[in-house]
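What follows is a set of notes on a single structure, which appears directly below.
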Amino acid sequence: MSMSRTPDVMPVLSRGKHRSPRKGACFMELAGYLAGEPWSDHPSCTHPVLARLAREVNDHIDDYGRERIAPLIPDVIGLTGDDPRVDAWIALEAALTALPVACAERQGVAAVGALRCERLLAELEGRPAESLSPTTARALAEVPHAAEWARKFSTMGWGGIRSFRRRSAPTIVHSAVVGIASSCTSDPDSILVDLLGRTIANTRTWLAAPAPVGVDETQWLEVCELTARV
């Protein structure tokens, strides 16, 4: 029987990668474990850019925040695909979330990331290279200095489509999460928790993936026991 509600018991998540569940576990290590894969924080069961976001959020929030993201672990199992637009949409979601809250330096980096994602999407969708989605255009208009700096930076050129998933998208995601985590907002952890949950849901839509099937309650309790602190 799959879980039909938020379980009462949660696995204990911790920062970084771990040699075994007894040494600790992060979000993606448990996702791979529940999917039946060898122990790793880079399992194949989840879109690689989404997995990068999950690892970054896991590592930049506190223990209470990790309790809040733990119920999302089953939702990323099997959520993967090859559409390169999804890479850009995930990275763009992170960059736009960081844009209004990051410090000035990281705000400029987030603006560069947003423009990089938009340039890739324009190329893939056959739009003019400088065209922006309405959401990105509004977000950049709210931070004119960062947007101006990013546009000047963009004159140095961009990498190609083939390197985006491997290099650009992970860098954009990392910079965005660090920018949010180090921001002066009152509750950066909540922003990051919401970002991960929203992006998981959006990725399911972008990939036209079926609803998550959940995991067996017995298996979930086993994972919780494996990661229990003594």
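The values are calculated or read from the model by the stated rules, or taken from the named source; none is laboratory data. The structure displayed is predicted, hence computed values, not measured ones. All Cβ positions, even for glycine, are placed from backbone atoms using ideal geometry, and neighbour counts span all protein chains on display.
Before moving on, here are some points about what is shown:
- Near pairs, Cβ below 8 angstrom, 6+ apart or cross-chain, from segment 39-55 (touching a residue at least 40 places away in the same chain (Cβ under 8 Å) and within 14 Å of residue 81 (Cα to Cα)) to any residue that is surrounded by fewer than 23 Cβ atoms within 10 Å (Cβ to Cβ) and of a type in the set (A, V, I, L, M): 47/79; 47/86; 47/207; 49/86; 50/79; 50/200
- Of the candidates 142, 93, 56, 125, the single residue that is assigned by TED's automatic domain parsing to the domain that holds residue 202 and over 20 Å from residue 159 (Cα atoms) is 142.
- Residues of segment 48-68 satisfying the condition of being crowded, with 24+ Cβ neighbours inside 10 Å and outside any helix (DSSP H, G or I): 61
- Scanning segment 172-192 for residues that are surrounded by 15 or more Cβ atoms within 10 Å (Cβ to Cβ) and either modelled with pLDDT under 95 or within 13 Å of residue 94 (Cβ to Cβ) (or both) yields 172, 173, 174, 175, 176, 177, 178, 179, 180, 181, 191, 192.
- When residue 207 is tested against (1) closer than 14 Å to residue 53 by Cβ; (2) touching a strand residue (DSSP E or B) at 6+ places or on another chain (Cβ under 7 Å), exactly one condition is not met: (1).
Per-residue answers, yes or no, for (1) under 25 Å from residue 45 (Cα atoms); (2) at pLDDT below 95; (3) of a type in the set (D, E, K, R):
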residue	(1), (2), (3)
67	yes, yes, yes
82	yes, yes, yes
86	yes, no, no
100	no, no, no
104	no, yes, no
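- Of all the residues in segment 175-229, those that are part of a helix (DSSP H, G or I) and over 17 Å from the mean Cα position of the chain (by Cα) number 10.
- Members of segment 89-111 found to be touching a Ser or Thr at 6+ places or on another chain (Cβ under 7 Å) and outside any helix (DSSP H, G or I), listed by number: 101, 102, 103
- Scanning segment 163-184 for residues that are of a type in the set (Val, Ile, Thr) and either out of contact with any helix residue (DSSP H, G or I) (no Cβ under 8 Å at 6 or more places or on another chain) or more than 13 Å from residue 60 (Cβ to Cβ) (or both) yields 171, 172.
- Just one of the listed residues (88, 35, 31, 111) is without any contact (Cβ under 8 Å) to a residue 60 or more places away in the chain, among the small types (Gly, Ala, Ser) and assigned by TED's automatic domain parsing to the domain that holds residue 185, namely 111.
- Being within 23 Å of residue 83 (Cβ to Cβ), touching a residue at least 12 places away in the same chain (Cβ under 8 Å) and among the polar types (S, T, N, Q) is a condition met by at least one residue of segment 114-134.
- For segment 151-168, the set of residues classified as part of a helix (DSSP H, G or I) and either among the β-branched types (Val, Ile, Thr) or modelled with pLDDT of 95 or more (or both) consists of 161 only.
- Qualifying residue in segment 3-20 (condition: buried (at least 17 other Cβ atoms within 10 Å of the Cβ), among the hydrophobic types (A, V, I, L, M, F, W, C) and modelled with pLDDT of 95 or more): no
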